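*Asks:* Here you go, one structure.
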Amino acid sequence: MPVTCGTVAVGYPLTVIGAVFGRSTGATFDAPSRPKPVPREIPTVAWFRTPLVHCAIGGFLPFRFTLTIHLPVYLFILLFYYMV
């Protein structure tokens, strides 16, 4: 509880002060290069870069780790447990 209170007592005021300071002293954005007048075509996304595939792979990887690391270790421990 004291750590949380200390974080809020120090972190929140610094965030507000930084936001006020940044907004008041901010300069206008000046791009380092000028944009081209001719629009370019945006290529289509490959099937493996779609959000659905990323979600599927992201959900599969933790289970793959469980099956390839934890399962053999668990079976190895069971082997010695039942041998005794």
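The values are calculated or read from the model by the stated rules, or taken from the named source; none is laboratory data. Computed from a prediction, not measured in an experiment: that's the story for all the values here. We place every Cβ from the backbone using ideal geometry, glycine too, and count neighbours over all the protein chains shown.
*Asks:* Does Phe21 satisfy the criteria of being surrounded by 10 or more Cβ atoms within 10 Å (Cβ to Cβ) and without any contact (Cβ under 8 Å) to a residue 12 or more places away in the chain? Full working, then the answer.
*Replies:* Values: surrounded by 10 or more Cβ atoms within 10 Å (Cβ to Cβ): yes; without any contact (Cβ under 8 Å) to a residue 12 or more places away in the chain: yes.
Yes.
*Asks:* Hey, another quick one. Can you tell me which residue within segment 29-56, out of those that are part of a loop (DSSP other than H, G, I, E, B) and small (Gly, Ala, Ser), is farthest from the chain's Cα centre (by Cα)?
*Replies:* Going residue by residue through segment 29-56, those that are part of a loop (DSSP other than H, G, I, E, B) are 29-46, 50.
Remaining after also requiring small (Gly, Ala, Ser): 31, 33, 46.
On the way: Ala31: 28, Ser33: 30, Ala46: 22 Å.
So the residue we want is Ser33.
*Asks:* Filtering segment 1-13 down to residues that are among the hydrophobic types (A, V, I, L, M, F, W, C), over 25 Å from the mean Cα position of the chain (by Cα) and part of a helix (DSSP H, G or I), which residue is surrounded by the fewest Cβ atoms within 10 Å (Cβ to Cβ)?
*Replies:* The initial filter retains those residues of segment 1-13 that are among the hydrophobic types (A, V, I, L, M, F, W, C), namely 1, 3, 5, 8-10.
The next check asks that each one be over 25 Å from the mean Cα position of the chain (by Cα); those that pass are 1, 3, 5, 9-10.
Filter once more, so that each one left must be part of a helix (DSSP H, G or I): 3, 5, 9-10.
Values: Val3: 7, Cys5: 9, Ala9: 9, Val10: 10.
Looking at residues that are among the hydrophobic types (A, V, I, L, M, F, W, C), over 25 Å from the mean Cα position of the chain (by Cα) and part of a helix (DSSP H, G or I), I get Val3.
*Asks:* Of these, Gly59, Gly26, Gly22, which one is under 30 Å from the mean Cα position of the chain (by Cα) and at pLDDT 80 or above? Before the answer, list the steps.
*Replies:* Values: Gly59 fails: at pLDDT 80 or above; Gly26 fails: at pLDDT 80 or above.
The conditions single out Gly22.
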